[in-house]
1. Output the residues belonging to the range B:357-404 that are among the charged types (D, E, K, R) and over 17 Å from B:SER212 (Cβ atoms).
2. If you go through the range A:148-160 one residue at a time, how many are in contact (Cβ under 8 Å) with a residue 24 or more places away in the chain and either outside any loop (DSSP other than H, G, I, E, B) or in contact with a Phe, Trp or Tyr (Cβ under 7 Å, 6 or more places away or on another chain) (or both)?
3. Is it the case that A:ARG91 is in contact with an Asp or Glu (Cβ under 6 Å, 6 or more places away or on another chain) and either more than 9 Å from chain B (Cβ to nearest Cβ) or farther than 30 Å from B:PRO77 by Cβ (or both)?
4. If you go through the range B:42-73 one residue at a time, how many are more than 12 Å from chain A (Cβ to nearest Cβ) and on the phi > 0 side of the Ramachandran plot?
5. Identify, by number, the condition in (1) in contact (Cβ under 8 Å) with a residue 60 or more places away in the chain; (2) closer than 29 Å to A:ASP100 by Cβ; (3) not aromatic (Phe, Trp, Tyr) that B:ALA282 doesn't meet.
6. Tell me which of these A:ARG78 doesn't satisfy, since it passes every other one: (1) surrounded by fewer than 20 Cβ atoms within 10 Å (Cβ to Cβ); (2) closer than 22 Å to A:ARG163 by Cβ; (3) among the basic types (Lys, Arg).
7. With the range A:48-145 as the region, which strands (runs of 3 or more DSSP E) entirely inside it contain at least 2 residues that are more than 27 Å from A:GLY37 (Cβ to Cβ) and modelled with pLDDT of 95 or more?
8. Restricting attention to the range B:130-142, does a residue exist that is within 7 Å of another protein chain (Cβ to nearest Cβ), touching a strand residue (DSSP E or B) at 6+ places or on another chain (Cβ under 6 Å), buried (at least 24 other Cβ atoms within 10 Å of the Cβ) and not small (Gly, Ala, Ser)?
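The values are calculated or read from the model by the stated rules, or taken from the named source; none is laboratory data. Fair warning: this is a prediction, and the values are worked out from it, not measured in the lab. Counting neighbours? That spans all protein chains shown, and the Cβs are built from the backbone with ideal geometry, glycine included.
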Amino acid sequence: MDAFTTHTGTAAPLRRSNVDTDQIIPAEYLKRITRTGFEDGLFVAWRRNEPDFVLNQPQYVNASILVAGPDFGTGSSREHANWALLDGGFRVVISSRFADIFRNNSTKAGLLTVVLPEADVEALWAAIEADPALPVTVDLQTEQVTYGSTTVPFVIDPYTRWRLLEGLDDVGLTERHLDDITAFESRRPAWKPASLPVR
Amino acid sequence: MGQTLAQKVYEEHVVRRTEGEPDLLYIDLHLVHEVTSPQAFDGLRAAGRSVRRPDLTMATEDHNVPTLDILSPIADPVSRAQVDALRRNTGEFGIRLAPMGDRDQGIVHVIGPQLGLTQPGTTIVCGDSHTSTHGAFGALAFGIGTSEVEHVLATQTLPQYPAKQMSVTVDGELPPGVSAKDVILAVIAEIGTGGGQGHVIEYRGSAIEALSMEARMTICNMSIEAGARAGLIAPDRTTFDYLVGRPHAPQGADWDAAVAHWSTLRTDDDAVFDREVRIDAASLTPYVTWGTNPGQGLPIGAAVPDPAQIVDENERKAAEQALEYMGLTAGTPLREIDVDTVFLGSCTNGRIEDLRVAAALLEGKKVDAGTRMLVVPGSVAVKLQAEAEGLDRVFVDAGAEWRGAGCSMCLGMNPDQLAPGERSASTSNRNFQGRQGKGGRTHLVSPAVAAATALTGKLTAPADLETAGA
């Protein structure tokens, strides 16, 4: 995973609530067995069917920060949704509410999710609609979103923040505690389920 | 202060707890399918890692599999490559696989319970959001992404934080024709698609206790549609009776020891929930969705809502967009909506009891001439059981299609898809735009409403059939 410290870019206003992972990337793109190259599936139905969809507008084509309505990323656990956003050039998604699995997957894939109160999302929407070229900075070190003369703080749990800042791989961190895992396994009751041997 | 059921299960699995870090949680059972695993296995290979506990891991092929002609190679080369990758990966890492054609194959959330692998008090994960299904047994079960699949394969653990606790209490008796599916659609309509975010839901109350295991699985399955990663129900005699004698259930003295422990898995009287929701079972009717998220549902006697009447701006906009996509007009009675296709199946409603309910309504009758009905059992075992009971004949005689097992039209990764503009009544779990095929329009319903709808070609409650003398 790439480290995330601070990012400055332009932002696209996605004024929709309940953007589910089937909209972020439809199931047909999930048949691939690679971890990259999902940008062609990103919001593909809206990009194809809605000429005025925000990412079809030239002023937002190069946005790297997505500002979405509440309950972003609901539905399936597909990490392909996070990969598609990264492949599509996004480093940050801002919303007032994220679905749990999507948010968790983001912390593994290196996509920063920022939760802001709905009023702050509204203000940011208004600013980037008034000036699509407005640079927006999301700083994970200071936990602040800055645009124009506005600075808004956000909160992220310190452990996740540290992992993202360092770009650390979870498996490697857990492998430091293999002794604890082995000790736990030695205490597990014999009647716990096992798939092998086949019965 | 006492603990909730979910807290008890969680605490029993904490491998390591340190201030300022997530807990390391042990995973008892890891279920794997072809879609969310190939990149995880690639990650293991790239890092030179092995699978720590192949004996606590089980794989099957479900999302991509065709439901016709299942013994031939998959025609779609991309789907075939993904299934082939799972076969190679499970072979290389020593993981048990139930492939197409195997008697244990089926939707991952149907085969875990039927094999007896899903047990009370366990932690269960899968790269699939409907892993919450297994909570019906009093397991803490939740969906994970592919990075976490790799983490569990390598370490049999996951870094986790304790969730907030929510109770949904359903007391009273469900009216005839009202099922578990209607209960959970009503719950989601009540609390919204984000209502359970950050929470584990415990379903309790006399109406929940009266449910069969199949019905409990339907309820826990859709916890994710209410925003909760996990939902669970305290194990009881119904749970133990379902499990006893299944291939991987404990036997002999192990069974007694397990039941003794499972019987302690109940929320303490003095436990505190962060949020409590109460529903009166007697007040429920069959529910159907009218929109493009599972929270946009209403009793079948209602009409398509008028977005102008919705106060919340986000919800109003969502409703406007939903009606446009669904091709519906505000004020139209839901019962007047014509349906092209009825889909009976999925991890929500593809178990034997679901098929029995639908078959009972279809017996001796014919599916509406303008309507296609697809019946897709959740697993090979469900299919064989249904055939042993003669249900397949009932469906075929009524004019429905009887198919092989898999996820099928729930998400249309195989050839079972809606055409653009086509409208379905579906017993699955998501009515998202394009979910069942590009431009397809989905109404979520119970198996009984699905069968009644198939007979009339319009959204129909089972009770309507009696009134109409159909």
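1. The answer is B:GLU363, B:LYS365, B:LYS366, B:ASP368, B:ARG372, B:LYS383, B:GLU387, B:ASP392, B:ARG393, B:ASP397, B:GLU401, B:ARG403.
2. Adding up the residues that qualify gives 3.
3. It is false that A:ARG91 is in contact with an Asp or Glu (Cβ under 6 Å, 6 or more places away or on another chain) and either more than 9 Å from chain B (Cβ to nearest Cβ) or farther than 30 Å from B:PRO77 by Cβ (or both).
4. 1
5. Here B:ALA282 clears every test but (2).
6. (1)
7. The strands (runs of 3 or more DSSP E) meeting that bar are A:136-139.
8. No, the range B:130-142 contains no residue that is within 7 Å of another protein chain (Cβ to nearest Cβ), touching a strand residue (DSSP E or B) at 6+ places or on another chain (Cβ under 6 Å), buried (at least 24 other Cβ atoms within 10 Å of the Cβ) and not small (Gly, Ala, Ser).
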